[in-house]
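Down below is the structure, laid out as structure tokens.
What follows draws every value from the coordinates through simple rules; no lab data is involved. Since this is a predicted model, take the numbers as computed values, not measurements. Reconstructed Cβ throughout: ideal geometry from the backbone, glycine too, with neighbour counts over all protein chains shown.
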Amino acid sequence: MATEPIRVAVIVGSTREGRFAPVVANWFAGRVAAREDMGVDVIDLAESALPERLGGFGAEPAGSVTALRPRLAAAQAFVIVTPEYNHSYPASVKTLIDWYYEEWQAKPVGFVSYGARAGGVRAVEHLRSVFTEVHAMTIRDAISIHSARAHFDSDGEPLDPEQFDAAAGALLDQLAWWALALAEAQEKRPYKV
């Protein structure tokens, strides 16, 4: 039985000047694109121009919020690529989450984090509780890259591709399982909050 590829949105979480996020996100998006069972949409928060200040309840959101909504709604799964800032994730990621609600519901979310010694694991732990609040399902295994700049060459390729590809494959296998399971459940019984 042929099925459509799972639509995965890879979110580039850092908006900081001189950020390393695009290197990590491009590598990971390449791993998604290499799979026959998945398609990828890279959403770079540095380009999305989401307002930091949320509108009032019922107020019409800014054009940039409305423009991004269909891409998030179309995604069947998400992967957040995030650095760790001060033991947590960047404000840009929280802004993204807070502008939307239904777009996250009953969909799986995976994480690729990077940072210095901790490799972004604290950012991911904080994100898990936030995504639970918007009724998303977080994937157990995440990719954590310690001292990320030391693990990629000047072309943005991992210095140890086998290890990196194995980690990406494990995360994407879990993401695919949850995306299909949740989509099948939604067909039988739509998720209601």
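What the table shows:
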{"read-out": "Gaussian network model of the chain, springs between alpha carbon atoms under 10 Å - residue of V65, V79, V121 with greatest fluctuation", "value": "V65"}
{"read-out": "Centre separation in Å (Cα based) which lies between region 27-47 and region 70-89", "value": "12"}
{"read-out": "With at most 11 other Cβ atoms within 10 Å, longest stretch of the chain clear of loop GluC sites (Glu not before Pro) (DSSP)", "value": "53-193"}
{"read-out": "Which label in (i) 60; (ii) 34; (iii) 22 gives the computed percent of Cα pairs over 28 Å apart", "value": "(iii)"}
{"read-out": "Highest-fluctuation residue, Q163, Q174, Q105 considered, GNM on the chain with Cα pairs under 10 Å", "value": "Q163"}
{"read-out": "Among L171, L68, L159, residue whose mean-square fluctuation peaks in a GNM of the chain (springs only between Cα atoms under 10 Å)", "value": "L159"}
{"read-out": "Helix-derived mean residue ellipticity, 222 nm - over the chain, DSSP H n ≥ 4, -39500 (n - 2.57), to 500", "value": "-13000 deg cm²/dmol"}
{"read-out": "Between region 1-24 and region 156-183, the alpha-carbon center distance in angstrom", "value": "12"}
{"read-out": "Excluding exposed DSSP-loop trypsin sites (Lys or Arg not before Pro) (at most 15 other C-beta within 10 Å), longest clean stretch of the chain", "value": "54-116"}
